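J.: Pasting a structure here, questions to come.
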Amino acid sequence: MRITRSISMKWVLTASLALNVFLATVLVVVYRPHHPPPPDITDIAERIAETLPPADAVILREIVAARAPAIESGKHNLRGFPDRVRAVLGKEDFDPEALRPLFSDFIAVHQRMDEAVAALVIEAATRMSPQGRAVISRLRLPPPPFAMGGAPPPPFGGKGPPPPPPAE
């Protein structure tokens, strides 16, 4: 009797440990703290400008001030994309063709943002001194957001499952 009880206790302890590890893993994966959104282009440029020679910092700030509205506007439009897709997917009379213009708009906005960032970098590099370009060439910026090839976001934004679609 004692041998059977000892063996069953080992199984109970092993199963309990396995269950606890599983639950801890689920909690860590699903309920990770929310990460703040990436900084806007002016914040990034300001951090870079602090490392540049003064004349090059002025050039960078001037170019960013001129081009930031187009970049930030694109970011704002992209943030609303998931909600627009959810609205189409949640309709009772789902029409797959309704998704096409959403994705076309998404691609167009993303393309305009990429072009604005490229133009910013090219113009800044063209107007800067060789010393300023050398400083920028040595920078190690943080990885890009997931949409641009960075690490994937936590499941459901780290906030639990997504909300149900809006009632129509």
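The values are calculated or read from the model by the stated rules, or taken from the named source; none is laboratory data. Keep in mind it's a predicted model, so treat the numbers as computed, not measured. Every residue, glycine as well, gets a Cβ built from its backbone with ideal geometry; the counts of neighbours run over all protein chains shown. Surface areas here come from the heavy atoms of the whole protein model, side chains and all, with no ligands, DNA or RNA. Shrake-Rupley method; radii C 1.70, N 1.55, O 1.52, S 1.80 Å.
J.: I'd like the accessible area for residue 85: 1.4 Å probe, protein heavy atoms, all chains in place, Å² to the nearest 10.
T.: Per-residue accessible area (residue 85): approximately 20 Å².
J.: Sticking with this structure for a sec: With r defined as the distance between the Cβ atoms of residue 66 and residue 93 and R0 fixed at 35 Å, what FRET efficiency is calculated, to the nearest 0.05? Show your work: numbers first, answer last.
T.: Working: r = 45 Å, r/R0 = 1.30.
Approximately 0.15, to the nearest 0.05.
J.: Oh, and also: Which order, highest average first, do 63-69, 17-23 follow once you tally other Cβ atoms within 10 Å for each residue and take the mean per peptide?
T.: Details: 63-69: 16.0, 17-23: 10.0.
Listed from highest to lowest mean packing, they are 63-69, 17-23.
J.: Under a crude label model (7 Å from the Cα following the beta-carbon direction), how far is residue 73 from residue 131 in nanometres?
T.: It is 3.7 nm.
J.: Count charges around residue 77 for me, please; just the other residues with Cβ under 13 Å from its Cβ, Lys/Arg as +1, Asp/Glu as -1. Walk me through the numbers on the way to the answer.
T.: Working: positive: 75, 79, 84, 112; negative: 72, 83, 105.
Local charge sum for residue 77: +1.
J.: Mind checking the full-extension length gain between residue 9 and residue 86? Use 0.36 nm per residue of separation minus the Cα-Cα distance, one decimal, nm. Don't skip to the end; give the middle numbers.
T.: On the way: separation 77, 0.36 × 77 = 27.72 nm, distance 4.93 nm.
Taking 0.36 nm per residue and subtracting the Cα distance, the gain is 22.8 nm.
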